[in-house]
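Presented below is the structure to which this report refers.
The values are calculated or read from the model by the stated rules, or taken from the named source; none is laboratory data. Because the structure is a prediction, the values reported are computed rather than measured. With ideal geometry, Cβ positions are generated from the backbone for all residues, glycine too; neighbour counts draw on all protein chains shown. When the accessible area is computed, the model is the full protein with side chains, heavy atoms only, and any ligands, DNA or RNA have been set aside. Shrake-Rupley method; radii C 1.70, N 1.55, O 1.52, S 1.80 Å.
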Amino acid sequence: MTTTVFTTMESPFGRLLLSGVRPDGGGPAALATVTAPGQKYALAEPADDWVLDPESLAEPVAQLTAYFAGERTGFDLPLAPEGTDFRRRIWAALDEIPYGETVTYGRLAAMAGESPRAVRAVGGAVGANPLLIVRPCHRVLGAGGALTGFAAGVDRKRWLLELESGTLF
């Protein structure tokens, strides 16, 4: 059995909501969601059956804090996002995009073993990424490098890319 736990943390984007799946015996939770205020297709508040447990999510908070400070370039966390097999393949491909680099939706499709014609479906999977920032969907650009949609807003996407390029510090 597991319990869905949550905590919040302050960030450059405002208060982030983090949820995770904790074994009923206790211990660290596997991170399931990271949500920014106003993010499309995501919960703005914890679900009624979630349990506040900052201790279970202390490591994701610490790693995100270090990332925002420019002190961390990746995440080493147990993850538990929910999604279809197709979405999981696309999300796994997101993990392969190096810090400070970007790819197009077409390239991401190829990285996930999908047809380049699947860019719309790939875009839908990227937009449904439940692990904002941790799974770097902000590193995906439109054809020709266009700064296209981001569930948390294009301004936040630009900010993350500037953080990773070193232009913020």
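Listed values, structure above:
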read-out: Amide proton proximity set for Leu141, modelled H, under 5 Å, gap of 5+; value: Val103, Thr104, Tyr105
read-out: Ala128 long-range amide H proximity, modeled H, under 5 Å; value: none
read-out: Angle between the chain longest axis and helix 154-165 axis [Cα atoms, degrees, rounded to 10]; value: 90 degrees
read-out: Computed magnitude of the charge dipole of region 47-169 (debye, nearest 20; Cβ of K, R +1, Cβ of D, E -1); value: 760 debye
read-out: Selection from Trp50, Phe68, Ser115, by position along the positive dipole direction of region 26-137 (Cβ); value: Ser115
read-out: Degrees between helix 85-94 axis and first principal axis of the chain (Cα, 0 to 90, nearest 10); value: 80 degrees
read-out: J(HN,Hα) series, region 117-122, from Karplus relation 6.51 cos²θ - 1.76 cosθ + 1.60, nearest Hz, glycine and proline x; value: 6, 8, 4, 5, 5, 4
read-out: Region 116-169 - percent of accessible surface contributed by carbon and sulfur, probe 1.4 Å; value: 57 percent
read-out: For the chain: accessible area per residue (Å², 1.4 Å); value: 50 Å²
read-out: Mean Cα-pair separation over length for region 88-169, i.e. relative contact order, pairs under 8 Å, 6 or more apart, %; value: 31 percent
read-out: Within the chain, percent of DSSP bridges classed antiparallel, to nearest 5; value: 70 percent
read-out: Region 1-97: relative contact order as a whole-number percent, Cα under 8 Å and 6+ apart; value: 27 percent
read-out: Cα long-axis angle, helix 58-68 against the chain (0 to 90 degrees, to the nearest 10); value: 40 degrees
read-out: Reported label for calculated semi-axes √(5λ) of the Cα gyration tensor in Å given [x] 26, 19, 14; [y] 29, 19, 16; [z] 65, 19, 11; value: [x]
read-out: Phi to ³J(HN,Hα) by Karplus 6.51 cos²θ - 1.76 cosθ + 1.60 over region 47-53, Hz, x for Gly, Pro; value: 5, 4, 8, 6, 10, 5, 8
